[in-house]
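Report on one structure; see the data block that follows.
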Amino acid sequence: MLTRTLCCFKGISAEAESSLWRKGCLSWRHLALSACRHFSKAKALAVTGQLPFCETALEARAADFFIGRLPCGHKLRILPEFQDDMVYLDIETTGLESRADITVIGLLRRGLIETFVRGVNLHDFVRVWKDISVLATFNGTRFDLPFIMREFGLSVHPPHIDLLHEARAHGLTGGLKEIERLLGVERTTDEVGNGVEAVRLWQQYAAGDDEALVRLIAYNTCDVRSLVLLTRHIWRLSCQNYRAAQPSL
C-alpha cells in the first residue's frame, strides 16, 4: 500500500490524497507521470523531487521514514510491507506512578507470544528490544515506552506507532477495552481486567499465589492480541477511500 500512498509526500495531505485518488492518480508511478496536471509547476517539482527518497526508503526498509511522514491515522499504511517486522507490546506495572516497576512485558512477533516476568526472565527482554524493527503499542508514548526506557536504562527506542492516536484519528475513542467492545471482541473470565486488577494480581503473586501470575499473563496476552486486531481495523479505515484493489494482509 505504500507505493499507492500519496500523503507520505510533503505537501500532500490525506484530504488531497483522496482527491488525487478520485482523479485516478493511484500510485507513486501515476504521481510521477501526472503531477503537472494536478499541481502548479513549482509544487509538481517539489512533490516529484521526493520520489527518489521515498523509493530508497522503501528499498532500505526504513519504516521510521514513513512513520515520520505519514499523518496521524494513516501511519499503518506501512503494514503490508512491514507486517512481518511489526512487534506488538504491552506492559504491566506495580502501579501507575512514574517510579513503579514493570512486572510483565508481553509481546507478539511473527505470530508468537513472548512473556517476560519480573524476577524470572525480565532481563532477557533487552535481547528482543534491540531486534525490534517496528513497535506498536496502545498509549505507549505516555506509558509503556517511558517505563521500559527507565527500567532498562535505554536511550533510544525502535520506530513506534501508538495505536491510541491512530484510533482517535478515526473516531475510536476510549481505552483499549472500550474499543475492543466496538470491534466485537469478547474476553474470557481469566482475560478480563484493567490496570488496577493487574496490580492486584501481581501483589497476590508476590505473596505466593502462583495462579495470580497465570491470570495476569492471560490478561496481558489478551491485550497484546487485541493490538493486532485493532491495527488491522485501523489499516482498513485508513485505506477505505482508495479506489482500486487493496493489498491483502
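The values are calculated or read from the model by the stated rules, or taken from the named source; none is laboratory data. Please read these numbers as outputs of a predicted model, since none were measured by experiment. All Cβ positions, glycine included, derive from the backbone under ideal geometry; neighbour counts span all protein chains shown.
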Checklist entry - Here is a list of conditions, (1) of a type outside the set (Phe, Trp, Tyr); (2) more than 19 Å from Ala169 (Cα to Cα); (3) at pLDDT 95 or above, and Ala35 meets all of them except one; can you say which number that is? => result (3)
Next on the checklist: Please go through region 1-55 and give me each residue that is of a type in the set (A, V, I, L, M, F, W, C) and more than 22 Å from Pro80 (Cα to Cα), ordered by number.
Outcome noted: Ala16, Ala32, Leu33, Ala35, Cys36, Phe39, Ala42, Ala44, Leu45, Ala46, Val47
Checklist entry - Out of all the residues in region 241-248, is one or more in contact with a Pro (Cβ under 7 Å, 6 or more places away or on another chain) and either modelled with pLDDT of 95 or more or loosely packed, with under 15 Cβ neighbours inside 10 Å (or both)? => result yes
Next on the checklist: Which of the helices (runs of 4 or more DSSP H) found entirely inside region 116-222 contain at least 3 residues meeting this: crowded, with 18+ Cβ neighbours inside 10 Å and in contact with a helix residue (DSSP H, G or I) (Cβ under 8 Å, 6 or more places away or on another chain)?
Outcome noted: 163-168, 176-182, 195-206
Checklist outcome for this item: Residue count, region 34-61, condition assigned to a helix (DSSP H, G or I) and exposed (fewer than 12 other Cβ atoms within 10 Å of the Cβ), comes to 6
Checklist entry - Quick one: would you say Cys25 is at pLDDT 95 or above and either under 23 Å from Thr231 (Cβ atoms) or not in a helix (DSSP H, G or I) (or both)? => result no
Item to check | Single unsatisfied condition, Cys7 versus (1) at pLDDT 95 or above; (2) under 20 Å from Ala244 (Cβ atoms); (3) in a helix (DSSP H, G or I) | outcome: (3)
